[in-house]
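Have a look at the structure below before the remarks.
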Amino acid sequence: MLHTINKLRHVMGLLILLLVLFVPLTAVQAQGKPGGDRYEWLNDNNKGYYYFDKVTFGLAKDPYTTEQHLDVWIRLQFVDEGVSEEENLRLLNKMPVGAYQNLSYRMFRYWFRVRDRHYQLLEVADFDDSGRELENNKVQYSPVRWVRIIPGTDEDTWFLKLTAYKQALDEAKKNQ
């Protein structure tokens, strides 16, 4: 009986240890995730959490060819370290920092060319914690500005998840 009680204490100790380690991690991820079902998690790094917008996810026709590209908005939900890094970059580049102390998230608009694993970044917009736009930079699409996706990069992770999502959507439509 004493042996069984000691085993239970050991198991309970392990469960408590797992809870102590696991609960803070899920709280951090939940804190960074935008609300609702609109955004799907892609990956995270020291800057924050990356999600793609399922509502605006779709195809865009290339203006110079008959090709269609994945058109997606990716949201970077900053963590404190990411905000500090952005502030420091702005200081180094002698750019105003003021409103960036309230930086909350950044939206990237990408086109992904599926046939040969390339992408173009078309727009980047920064927002504060109230959703007010701080800065917006757009780049005109160019048929020669495609960037090759390098294995192991964020873009590679995104490409794999986005193409899988597109394939799942296509399968669901086919099965309707």
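Projected label points at E40 and N102, each 7 Å from Cα along the beta carbon direction, are separated by 3.3 nanometres. In a shell of Cβ-Cβ distance under 13 Å around F159, excluding F159 itself, what net charge do Lys and Arg (+1) and Asp and Glu (-1) give? Result for the neighbourhood of F159: +2. Listing M107, M95 from fewest to most neighbouring C-beta atoms within 10 Å gives M95, M107. Between E171 and K61, the simple label model (points 7 Å from Cα in the Cβ direction) yields a spacing of 3.0 nm.
Read-outs throughout are calculated quantities, based only on the coordinates presented, and are distinct from any laboratory measurement. Keep in mind that this is a model prediction, so the values were computed, not measured. Methodologically, a virtual Cβ is constructed for each residue, glycine included, from the backbone with ideal geometry; neighbour enumeration extends over all protein chains shown.
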